[in-house]
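The structure appears below as structure tokens.
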Amino acid sequence: MRARQRRRAASTLLAGAMALGLVGASAPAAVGTARADVVDVAGVDVPVLATFAVSYGGGAGDRTVGGVVHGVRRVEGATVLYLSLGLPADDSRTAVASGLFDSRQGYASGAISDITLVDRPGLTAYRPLMGEEAYSTLERDVSLEPDELAVVWVAFPELPPDVEQVDVLIGKTLTPVPAIAVEDGALTPTVDDPAPLVGEGWPEVAQQASLAQVDPQRSIRPMTAHRESTDDTTQLAETSEQVDATLAADVLFDKSSAALSPAAQQALATLAADIAARGQGEVVVVGHTDSDGSDQSNQLLSEQRAAGVVAALQPLAGGAVTFAAQGRGESEPLVSNSSPENMQLNRRVTVTYQVKDGGR
Amino acid sequence: MRSRVMTVAVAVLALAVAGCTSDDPQPSPTASRTAAATPDGQTVEGFAREMLELATTSGVDEDLGTASGPVGKGTVDVRVVAMTADETGSELVLALTGATSSGDMTDWSASRGIYTDVRGIVVSGPESAWKLKAYTIPDEEHKTPVDCTCSRFPKTTTADDPFQVRALLPPLEDGTSSVTVEIPGLDPITDVPVTWR
């Protein structure tokens, strides 16, 4: 018996799913599929990992393009995303693939450049490989037709070996398709058609010799995870290498004072615990003020506030890190000091530290 | 009614369709695109038709919480469609309706209109000390956070055609059973149940 399950009766597929309450009302609860299934389409094994729909024009009431993610595959020198795109039956007009994607700098003309693979645990995003050559299906080779699914491929940098699944962000609408399993090997059988219909075979992807020409580092982007404390005192921006914490000075200090308020203690204790757990190297604490007052007084206040924060953090942060306190006065505002709200944003203390084993 | 953004769990789909029979071939739009059906498989046309229907048919009836408020020149109604989580991350899906003529949702980016995505939305558990936001992705110079792991907000919304937006977020704390969803300018949506995968 063949290992894969065969899929038949497409006409009853949706009805069956809806009858089980799996599609329709509760379909979105199924967000986050990771396991591939394989469908026999005209004799070709077709993996189906997720379906998605994107707005062609970016607004409600615009045309909708549907699609299927068929695989994120490790090949020699790259990672290849296979997906298919088409129009629903009630759309009578052909559409061009370029309408779905923005053109990004650094890519060959006509290359599909507006798709991103996201490794959330690793805090890394992967853009398509870029260069003078297109490392993807060319947009002009893809015609979106009603009731047809045309296959496209896009090559990305090689993923680290321990990446088991990624999210896919598709097109100018940044449509997220979460939790796609990463598998090995290009899809076969291949055909000469650069954008065959699903079931006709799979397009040839870039060869290793061609992939060796590109610099994958240009396509690898460190992501930032963002958190803010529920008491509105602290905002964290974390990459795989470091944490930037921004503390609201109005919570930490009384107006024009460098003495820590009672409310500051909990916020700083939480931060110190994280530094103790995974911080390394030098922790840099920087004070900032708004533009109210003289440059000299603001500089002094910012230095005193940074020193106060260091004094509170250091005893709780363990011995694996060192501290440096700096004041920048009003010289580095986040926003224009044009309103009380903006000035409040500018009154802050930042704490930056490197982390061990960040990301994955 | 058509969802603008929908992903479907194939594992779930497989469960739903296993053992079904027969398909319904349709004329191919072009002769060159026609493929024959195999005796026990789907046709090219039948597969495409069903997948496209599945991808683009509404899945937005779920109602896990709502909020309404002013957006641009009109008002928008927000309904939480799904809030799912596992150890690697969490996902929020919202359906937007309303009579906005301009669809100006720049406040939702929490960046004074610089970005056109919903990175300003935050999610928090009742016991958590932290609110979660979408990840940001920088440009090639690694300086400007040009993208996020979240949808761009729609250019327009309509009263009768829900538009889905999503945000991929960091993991929730283990055991979080409900969350509060905060959208800039709207009242918080509380007690949104979380489905753990």
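The values are calculated or read from the model by the stated rules, or taken from the named source; none is laboratory data. Just so it is clear, the structure is predicted and the values come from calculations on it, not from any experiment. Neighbour counts run over all protein chains shown; Cβ positions are idealised from the backbone, glycine included.
The strands (runs of 3 or more DSSP E) found entirely in segment B:70-186 that carry 1 or more residues being within 10 Å of chain A (Cβ to nearest Cβ) and surrounded by fewer than 24 Cβ atoms within 10 Å (Cβ to Cβ) are B:74-86, B:89-97, B:122-124, B:130-137, B:178-182. Checked against (1) farther than 16 Å from A:W202 by Cα; (2) under 20 Å from the mean Cα position of the chain (by Cα); (3) within 12 Å of chain B (Cβ to nearest Cβ); (4) surrounded by 21 or more Cβ atoms within 10 Å (Cβ to Cβ), A:R104 meets all criteria but (4). Here B:A99 does not qualify as in contact with a strand residue (DSSP E or B) (Cβ under 6 Å, 6 or more places away or on another chain) and modelled with pLDDT of 85 or more.
Is it fair to say B:V146 is over 20 Å from A:A60 (Cα atoms) and in contact (Cβ under 8 Å) with a residue 40 or more places away in the chain? No; evaluated as a whole, the condition is false for this residue. The set of residues in segment A:153-189 that are more than 14 Å from chain B (Cβ to nearest Cβ) and touching a residue at least 40 places away in the same chain (Cβ under 8 Å) comprises A:W153, A:V154, A:A155, A:E158, A:L159, A:P160, A:D184, A:G185, A:A186, A:L187. Only one of the listed residues (A:L100, A:L117, A:L129, A:L123) is within 20 Å of A:E148 (Cβ to Cβ) and among the aliphatic types (A, V, I, L, M). That residue is A:L100. When we screen A:V54, A:V68 for residues that are within 12 Å of another protein chain (Cβ to nearest Cβ), closer than 14 Å to A:A150 by Cα and either of a type outside the set (D, E, K, R) or in contact with a Ser or Thr (Cβ under 9 Å, 6 or more places away or on another chain) (or both), the only hit is A:V68.
Of all residues being surrounded by 20 or more Cβ atoms within 10 Å (Cβ to Cβ) and among the aliphatic types (A, V, I, L, M) in segment A:267-283, which is modelled with the lowest pLDDT? Just the residue, please. Step by step, filter segment A:267-283, then rank; the result is A:A267. Restricting segment A:222-266 to residues that are among the small types (G, A, S), without any contact (Cβ under 8 Å) to a residue 60 or more places away in the chain and part of a helix (DSSP H, G or I), which is surrounded by the fewest Cβ atoms within 10 Å (Cβ to Cβ)? Looking at residues that are among the small types (G, A, S), without any contact (Cβ under 8 Å) to a residue 60 or more places away in the chain and part of a helix (DSSP H, G or I), I get A:A263. What residue, among those in segment B:45-69 that are of a type in the set (D, E) and surrounded by fewer than 22 Cβ atoms within 10 Å (Cβ to Cβ), is farthest from A:L149 (Cα to Cα)? For segment B:45-69, the residue satisfying everything is B:D63.
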